[in-house]
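For reference, the structure discussed in these notes is given below.
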Amino acid sequence: MTRPTPEGTPKTEPTRPEGTPETQPTPRATPRPAAVPRPRAPATDAGRRPSRFAAARAALGTAVARVTGSTLGARQLAAVRIGAAGTWGVYLLREWPHRAELYGPGSAWGWDLARRLVSGNGAFTALLWSRSEAWFTCVYVLALLVSFLLVLGWRTRTMSVLFALTVLSLQNRSVFVGDGGDNLLHLLALYLCLTRCGQAWSLDARRRALGRPDRAGPWLWGLLGAGLLAAWLSDRLTPGWTLALTVTWAALGTWWFLERHPLGETRALADVLGNLLHHAGLLIIMAETCLVYATAGWYKIQGSRWQDGTAVYYPLELDSFSPWPALSHALAAHGTLIALLTYGTVFAQVAFPFSLLNRRAKNVLIIVLAAEHLGIAFLLGLPFFSLAMLAADAVFLPTGFLRAVERGARRARRGARRVTRRGGRRRARTATRRTADREAPVRPETGSVSAAP
């Protein structure tokens, strides 16, 4: 059988015998080429596991960036600020009828004794600048006002400095007034000057969030500068306090100026220095609180009454520390409860610094210590000591808890606004109805007596 090709030449196909099925030839399998091993790329540093030194260096770099570029513990320090200033303000209000006997001209710690003590240790107190009762009242009222403004967070940097000065002025005037909480407030007032405690829960934070300018800052700064100059010219300040207050006053003015005129990288450098001071103050407050608990716990261990579990019994039986005598005597009658309270107090105070290594243990001990301070305030009649300790403990509160408190406060504020708006709308509707009733025309058949049948 022939078939013409495209070129016209016949092409002969092989013939097959009749009856044989037509089949197509089976294609032969192409043999696979032998696997050639690929050459491995040389190992690079990116594929290797980082060494311990590199990991430690990276962790250190991250820590330095966080410390210098952010503000840690903003809510915790806001709680410390509110607690310390609120405690001092409430204390001053409570002692208002007795202010002259405690810190004023009628104090048992006389003027000459106070002058002799201050001249020896160089402590600051504005109450020794004049013996006038009017001057003492002005300083006392200023202390109340500054405490209230610091709780609100108005011009927090300036108010923290004024708060420290007013606390020092009153406490250094009469050094034997207080119940132990005054010493803690004394230290907290000084350390808060280093921190940026107005980053949260303050009017300053609200003003920055709304983008409002700080118009009162320059006037306040100028007024304080005039007061500092007058105190320096009248030779009321020692050289050390003059230098410290002048540097603080200049730093506040420089910070306000750099916030509006960055001057290149100067603003960033000032922000880094502010963060470093903030974290230094935060670390000092934490270390101070741990030191208070550690020293109290280890000194208790050395006492025989704490060792045999009867130490809590004796203050409950003292009339001077029994605002509720019946309750105190009822508790003192249970020996097992007294032993549990005694040993539990020692254990909580000694273990608290070590509990910082474990977050859950720390949170549990904070609850235990808070309950202890509330018990001291209620059973022993020492509320301001307990409030001062709770203010210091606030630096260890978990951030999640503080955020929950913040959300709860926002919901409560929104609810109060809604209730106020509803009440205002109701009053407006009621006033509108009354006005409409007064202005409506009187119908002759109903509103006029002469028109009655």
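Observations, loosely collected:
- Fully extended contour minus Cα-Cα distance, from THR137 to TRP219, at 0.36 nm per residue: 27.1 nm
- Value of Rg to Rh for the range 98-143 (Rh from inverse mean 1/r over Cα pairs, i.e. Kirkwood): 0.95
- Taking only the Cα atoms of the range 182-273, the radius of gyration and Dmax are 15.5, 44 Å.
- Mean separation of Cα contacts under 8 Å (6+ apart) over length of the range 266-345, as relative contact order %: 25 percent
- Prolate/oblate/rounded label for the range 58-154 (Cα gyration tensor, a/c 1.5): prolate
- Modelled spin-label separation between ARG360 and ALA412, with each label point placed 7 Å from Cα along the Cα-to-Cβ direction: 3.0 nm.
- For the range 350-424, the fraction of C-alpha pairs farther apart than 18 angstrom is 57 percent.
- Residue-by-residue Karplus 3J(HN,Hα) for the range 388-393, coefficients 6.51, -1.76, 1.60, Hz, glycine and proline x: 5, 5, 5, 5, 5, 5
- If you sort the three axes of the alpha carbon gyration tensor as a ≥ b ≥ c, you get a/c of 1.5 or more for the range 98-253 and a/b above b/c, which makes it prolate.
- Inter-site label distance for VAL175 and ARG403 at 7 Å from Cα along Cβ, in nm: 4.7 nm
- Global form of the range 201-246, assessed from the alpha-carbon gyration tensor, a/c cut-off 1.5: prolate
- Zone of LEU60's modelled label, taken as backbone nitrogen in the range 266-293 under 20 Å from a point 7 Å along Cα→Cβ: 276, 280
- Of the whole protein surface, PHE124 contributes about 10 Å² of accessible area at a 1.4 Å probe radius.
- With N the number of residues in the range 305-356, Rg(Cα) / (2.2 N^0.38 Å) evaluates to 1.27.
- Using the Cβ-Cβ distance between ARG116 and VAL67 with R0 set to 35 Å, the FRET efficiency from 1/(1 + (r/R0)^6) comes to roughly 0.20.
- In this Cβ point-charge picture (+1 for Lys and Arg, -1 for Asp and Glu), the range 91-152 has a dipole of about 100 debye about its Cα centre.
- When the range 344-439 is described by a simple charge dipole with +1 on each Lys and Arg Cβ and -1 on each Asp and Glu Cβ, the residue from LEU402, ALA348, HIS373 located farthest towards its positive end is LEU402.
- Placing unit charges on the Cβ atoms of the charged side chains and taking the dipole of the range 187-306 about its Cα centre, the candidate lying farthest along the positive direction among THR248, LEU192, LEU258 is LEU192.
- Relative contact order of the range 277-393: 29 percent, from C-alpha pairs under 8 Å at least 6 residues apart in sequence.
- Karplus-based coupling profile of the range 62-69, in residue order and whole Hz: 5, 5, 5, 5, 5, 5, 8, x, with θ = phi - 60° in 6.51 cos²θ - 1.76 cosθ + 1.60 and x standing for Gly or Pro.
- A simple spin-label model places pseudo-atoms 7 Å from Cα toward Cβ; at ALA326 and SER130 they are separated by 5.1 nm.
- Between the range 360-432 and the range 323-347, the C-alpha centres lie 28 angstrom from each other.
- Listed peptides 103-111, 279-287, 163-171 by packing density, highest first (mean Cβ within 10 Å): 163-171, 279-287, 103-111
- Loop trypsin sites (Lys or Arg not before Pro), the range 127-196, which have at most 13 other Cβ atoms in a 10 Å radius of their Cβ (DSSP): ARG131
- Couplings for the range 185-193, taken from phi via the Karplus curve 6.51 cos²θ - 1.76 cosθ + 1.60 with θ = phi - 60°, read 5, 4, 6, 4, 4, 6, 6, 5, 5 Hz in order; Gly and Pro are left as x.
- Zero-based 5 Å bins, Cα pair distances in the range 293-446, whole percents: 1, 8, 11, 13, 13, 10, 7, 6, 5, 4, 4, 4, 3, 3, 3, 2, 1, 1, 0, 0
- Dipole in debye (nearest 20) - the range 182-279, about Cα centre, beta carbon charges: Lys, Arg +1; Asp, Glu -1: 380 debye
- Cα-based radius of gyration of the range 112-188 once divided by 2.2 N^0.38 Å, which approximates compact folds: 1.12
The values are calculated or read from the model by the stated rules, or taken from the named source; none is laboratory data. What you are looking at is a predicted structure, and each value in this text was computed from that prediction instead of being measured. Note that we place each Cβ from the backbone using ideal geometry, even for glycine, and neighbour counts take in every protein chain shown. Side chains are part of the model used for accessible areas, which takes the heavy atoms of the whole protein and leaves out ligands, DNA and RNA. Shrake-Rupley method; radii C 1.70, N 1.55, O 1.52, S 1.80 Å.
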